[in-house]
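What follows is one structure encoded as structure tokens, with my remarks underneath.
The values are calculated or read from the model by the stated rules, or taken from the named source; none is laboratory data. Nothing here was measured: the structure is a model prediction, and the numbers come from that model. When we count neighbours, we look across all protein chains shown, and the Cβ atoms used for this are built from the backbone with ideal geometry, even at glycine. Just the protein is used for accessible areas: all its heavy atoms, side chains included, with ligands, DNA and RNA removed. Shrake-Rupley method; radii C 1.70, N 1.55, O 1.52, S 1.80 Å.
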Amino acid sequence: PGIYVCAKCGHELFSSRAKYEHSSPWPAFTETVREDSVSKRKERPGALKVSCGKCGNGLGHEFLNDGPKRGQSRF
């Protein structure tokens, strides 16, 4: 339980309250702690490249409409 932070700068990214089980081997979250927790840029249809909102460290992707509920995204 708690807050997941950027490994490079310690910026708050995700809360354990937004974490859920997914078939991928990586942790999955439905939302960020704050709107400015991450920055996003379109990488391909249905996926955004996600970086730390403070230092720009790469965090993976946001997969649109792939969350646990209809219309939710998965980080």
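What a 1.4 Å probe finds exposed on the chain is 48% carbon and sulfur by accessible area, rounded to a whole percent.
Amide H contacts of LEU59: VAL50, SER51, CYS52, each under 5 Å away and 5 or more positions distant or on a separate chain (H built 1.01 Å from N in the peptide plane; Pro and chain starts excluded).
For the charge dipole of the chain, defined by +1 on Lys and Arg C-beta atoms and -1 on Asp and Glu C-beta atoms about the Cα centroid, which residue among PHE14, ILE3, CYS52 has the Cα displaced farthest towards the positive pole? It is CYS52, whose Cα lies furthest towards the positive end. Taking 30 Å as R0, compute the FRET efficiency from the Cβ-Cβ separation of LYS8 and ASN65 and round it to 0.05. Calculated value: 0.55. Rg and Dmax, both from the Cα atoms of the chain and both in Å, are 11.6, 33.
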